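Student: Got a structure for you, written out below as structure tokens; questions coming shortly.
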Amino acid sequence: MPEQAMTDQELSKTLREWKSTPAPETLDDRVFARRVPTPWWERLPGTPVAAFGALAGVLIVWSLTVLAPRDAPKPAPQPTPAPAVAAPIEPPTPITPPRPKAVRPKSVPTKSAPVNPAQPQLLMRVDPQFPADAPPALMSSTLKLYIHVGKDGHVIEAIPIGGEPALYAVAIEAVRQWLYAPEFQNGVPVEAYYEINVSFQPRPAKR
Amino acid sequence: MLNQTDLRQAFDDHKHAVYDFALRMTGTPSTAEDISQDTFLELLRKPQSFDPARGTLRVFLIGVARNLVYRRWRTEQRFIPTDDLDDTPAILPDPNASTIAETIRNAVQSLPPLQREAVLLFEYEGFTLEEIAAIANVETGTVKSRLHRARTSLRLALAPLQNGVQPCLNKL
């Protein structure tokens, strides 16, 4: 008996037994991860006015924190509303001549090497030897140093930025022998910059 | 001109159709994903190439995907475009197919590419003859001819299914 050939409708019905396959989710990433990135100003939230305000705020904060010199005199305080009760007038303090400040060396890389605000972990310390010719009044003084710590924790450079200049040399000599725990970023040791205080403690008298 | 929102919407609306067409044409998921990616990247890079006056966005995207499939085959030297009216060998039922879907897939993918695309676009993607003609850049009569020849081949290859023969029995 001759077989009856499939009609177009029967063939279509049979073909649909082969179901469609949805696109994989990875296709989204493959398409949109490679598109031209949206400009940053289009990614700011809100209206263009709000975006401009946010940008202006960022610029103001940046200019105050980065561009302002550290040794610049503080601006005069803004007038505040008078309190309900008048504060008592303090007696005038005697004017003393300003103490000469330590001059910051020009080699301090303030912008390219941001100082880590956290204090490093000191592993080994060598006490600075107080100079014999220094005034005994400086025995308890403190110096502020800017240090550059290498990947291995050794101090590569130490630059005094505050304190008694007569003690700079011995402080640098001692700090250069200190050993810190190196700083890590993403599991990799990196060089770091810190500001530390070095105190000269009076030694107890020998019996 | 399409904006970013339109592009995202176009992707969400048509990604399955584009991928499904590319997968049925090539038979390889990784190749289909590559084709689909390049199709939408083409729209992302040159959205002005889509002209709504010449057809829907779906027609445009499937047309891009089709051209990319052929371009890839030409690169791989797997397919040299020839007149699809040439005599083609008859497609025999696949004795190794284990499911009905696999039997159909093997039969469709054994068709010459130009006939295969006509079947895929008409039967699975639901395009009209005129839309297929626009996608393939041929006359409607040519599409009709390709479709007729493809159906004739498929009827022969899928006849066992009509007679109730389960593909898995062929392995016994």
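Student: In what order do A:L138, A:L143, B:L161 fall by count of nearby beta-carbon atoms within 10 Å, going from fewest to most? Mind showing how you got there, number by number?
Tutor: Numbers: A:L138 16, A:L143 25, B:L161 20.
Least to most surrounded, the residues fall as A:L138, B:L161, A:L143.
Student: With the cut-off at 21 Å, tell me which of the pairs B:K15/B:K46; A:K19/B:K15; A:K19/B:K46 have Cα atoms farther apart than that.
Tutor: Numbers: B:K15/B:K46 17 Å; A:K19/B:K15 16 Å; A:K19/B:K46 32 Å.
Cα-Cα > 21 Å for A:K19/B:K46; rest within.
Student: A further question on this structure: For A:P189, what charge total do you get from the other residues with a beta carbon under 13 Å from its beta carbon, if Lys and Arg give +1 and Asp and Glu give -1? Could the numbers behind the result be given before it?
Tutor: Details: positive: A:K151; negative: A:D152, A:E183, A:E191.
Local net charge: -2.
Student: Find how many whole Å separate the alpha carbon centroid of the stretch A:174-188 from the alpha carbon centroid of the stretch B:105-166.
Tutor: After rounding, the separation between the Cα centres reads 72 Å.
FYI, it's all coordinate maths here, none of it is from the lab. Model, not experiment: these values are computed from the prediction. Please note: Cβ atoms are built from the backbone with ideal geometry, for glycine as well, and neighbour counts cover all protein chains shown.
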